[in-house]
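J.: Handing you this structure, nothing more for now.
The values are calculated or read from the model by the stated rules, or taken from the named source; none is laboratory data. These numbers were taken from a predicted model, which means no experiment stands behind them. With ideal geometry, Cβ positions are generated from the backbone for all residues, glycine too; neighbour counts draw on all protein chains shown. Calculation scope for accessible area: heavy atoms of the full protein, side chains included, ligands and nucleic acids excluded. Shrake-Rupley method; radii C 1.70, N 1.55, O 1.52, S 1.80 Å.
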Amino acid sequence: MSGNAQKVCIVGGGPAGMMAGFLLARAGIEATVLEKHADFLRDFRGDTIHPSTLQVMEELGLGETFLALPHRRVETLSGVVDGRSFRIADFRHLPVRHRFIAMMPQWDFLNFLATEGRRHPKFMLRMSTEATGLVERDGRVDGVRARGPEGETTVEADLVIAADGRHSVLRGASDLPRKSFGAPMDVLWFRLSRRPDDREETAGRFGRGGILVAIDRGEHWQCAFVVPKGGEAALRARGLPAFREAVAALAPYLADRVDEIASFEAVKLLTVAVDRLTRWHRPGLLCIGDAAHAMSPVGGVGVNLAVQDAVAAANLLAAPLREGRLTDGDLARVQARRMPAVRATQRLQRMMQDRVIAGALDATAPLKPPLALRLLDRVPLLQRLPARIVGLGFRPEHVAAPAA
Ligand SMILES: Cc1cc2nc3c(=O)[nH]c(=O)nc-3n(C[C@H](O)[C@H](O)[C@H](O)COP(=O)(O)OP(=O)(O)OC[C@H]3O[C@@H](n4cnc5c(N)ncnc54)[C@H](O)[C@@H]3O)c2cc1C
């Protein structure tokens, strides 16, 4: 690999893939993003744009345009245990320009990146195009096989970036070693209507045997009901009226509309998994985002980490790609840069899952606010620490790759 500028094929148009495609094309690298869906409209995704991502937008000169899109600002986070509210995190002191989480449908974020990406001549987005496998030659990855509107096709590339999410096909095809951690919970998603006079909601609600998080989507609440791992069957067996009652008990302000859950057909199960590759790369292939490390929904940091991976990858790979000298060592540098943040975040998520979530989901255990929650609420200064971890992450990345 030497001489001319090298080409990149990015598989997956989620936060990691779209940000990587945009940043590489902006740096003058030919970057093709393949996305299997025809659009970005998907319901069950993180809708949180964290202060560190807003900072990246600022560094790209896009902060103002981005925040002109409809969003809601969340400056603090709370937990409600058995009806009593505890403040957990306060973002208003972070050392960045935008000290809040912007709640914005993920499709708006991805459409924004697509629009900005298209301003760069080297950016190409191929929707409705699904990667089906890797093309390999002499032990290195040389491109991907894909199925798109024009039928079966091959996309050749000097580097393939797998950003195809937690069920990554490419990661499966790559044989990269993976470490899986259990998760004590699954999440059931459903919608309830939102009324103009509804209160703001920035809290997770903990009750006996269940946790509810409601995300404001303007005309509706996107609700996440957390159940013990494998608990969906028992919940269904108890019947719809019991489920509606459980939702109403956790969030009394929704009691007048739980009948909108017409059947269990409207309730979608998302199994929670936490895992990570112990090696993110092979010659010609790099995994980032959920494809490299599936995150727990605890703290809602998956989108943030995916974006940070993309920024680090563009920072470290743009120059070698442009100069036609990319090596496996460059790919190893991306993993070395991002792995400590991933490891630390997952460790914290697993601790929260085991100590707080599992306890709350045990219907037989007494429901008591954990000591940490009570302390955070009582000492506001302490709320800056979770704000920093959730808002900025353990290793915030800054845009270094210059625009071509
Ligand atoms: C229940 C739940 C709630 C969550 N809540 C939050 C939250 O509040 N905040 C937060 O930050 N994170 C949250 N997350 C995590 C967050 O959604 C992910 O961590 C984040 O989206 C990862 O980004 P990604 O780009 O790596 O992967 P993804 O967002 O999964 O994107 C992968 C993309 O690749 C495409 N794709 C897949 N296979 C192929 C293929 N073969 N060919 C072409 N394209 C393909 C997919 O269609 C998708 O668009 C949550 C996750 C879950 C499961």
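J.: Can you tell me which of (1) open to solvent by less than 40 Å² (accessible area, probe 1.4 Å); (2) outside the structural domain of Asp47 (by TED's automatic domain parsing); (3) of a type in the set (Asp, Glu) is the one Asp82 doesn't meet?
T.: (1)
J.: Kindly list, by first and then second residue, each pair from a residue in segment 302-328 that is free of Cβ contacts under 8 Å to residues at least 60 places away in the same chain to a residue that is assigned to a helix (DSSP H, G or I) and of a type in the set (A, V, I, L, M), limited to pairs with Cβ atoms under 9 Å and residues at least 6 apart or on different chains.
T.: Matching pairs, first to second residue: Leu316/Leu331; Leu316/Val334.
J.: Okay, moving on. Just to confirm my filter: which strands (runs of 3 or more DSSP E) fall fully inside segment 55-148 and include at least 2 residues that are at pLDDT below 95 and among the β-branched types (Val, Ile, Thr)? Full working, then the answer.
T.: Working: elements: 72-74, 76-81, 84-90, 101-103, 123-126, 130-137, 140-148.
Where strands (runs of 3 or more DSSP E) fall fully within segment 55-148 and carry at least 2 residues being at pLDDT below 95 and among the β-branched types (Val, Ile, Thr), they are 76-81.
J.: Condition (residue is out of contact with any strand residue (DSSP E or B) (no Cβ under 8 Å at 6 or more places or on another chain), touching a residue at least 40 places away in the same chain (Cβ under 8 Å) and of a type in the set (Val, Ile, Thr)) applied to segment 85-107: is it met by at least one residue? Explain how you work it out, then say what you get.
T.: Start the filter on segment 85-107 by keeping residues that are out of contact with any strand residue (DSSP E or B) (no Cβ under 8 Å at 6 or more places or on another chain), which leaves 93-99, 105-107.
Narrowing the set further to residues that are touching a residue at least 40 places away in the same chain (Cβ under 8 Å) leaves 93-94, 96-99, 105-107.
Filter again for of a type in the set (Val, Ile, Thr), leaving 96.
Looking for residues that are out of contact with any strand residue (DSSP E or B) (no Cβ under 8 Å at 6 or more places or on another chain), touching a residue at least 40 places away in the same chain (Cβ under 8 Å) and of a type in the set (Val, Ile, Thr), one finds at least one in segment 85-107, hence yes.
J.: Okay, moving on. Restricting segment 325-377 to residues that are assigned to a loop (DSSP other than H, G, I, E, B), of a type outside the set (Ser, Thr, Tyr) and at pLDDT below 95, which is surrounded by the fewest Cβ atoms within 10 Å (Cβ to Cβ)? If you could, list the steps in order and put the result at the bottom.
T.: Step one: list which residues in segment 325-377 are assigned to a loop (DSSP other than H, G, I, E, B), which gives 325-327, 362-370.
From what's left, of a type outside the set (Ser, Thr, Tyr): 325-326, 362-363, 365-370.
Still in the running and at pLDDT below 95: 362-363, 365-370.
Working: Asp362: 14, Ala363: 12, Ala365: 12, Pro366: 7, Leu367: 14, Lys368: 12, Pro369: 17, Pro370: 17.
Here the residue is Pro366.
J.: Which residue is most open to solvent (accessible area, probe 1.4 Å), if the candidates are limited to segment 149-195 and must be in contact (Cβ under 8 Å) with a residue 60 or more places away in the chain, among the small types (Gly, Ala, Ser) and not in a loop (DSSP other than H, G, I, E, B)?
T.: Among them, the one singled out is Ser180.
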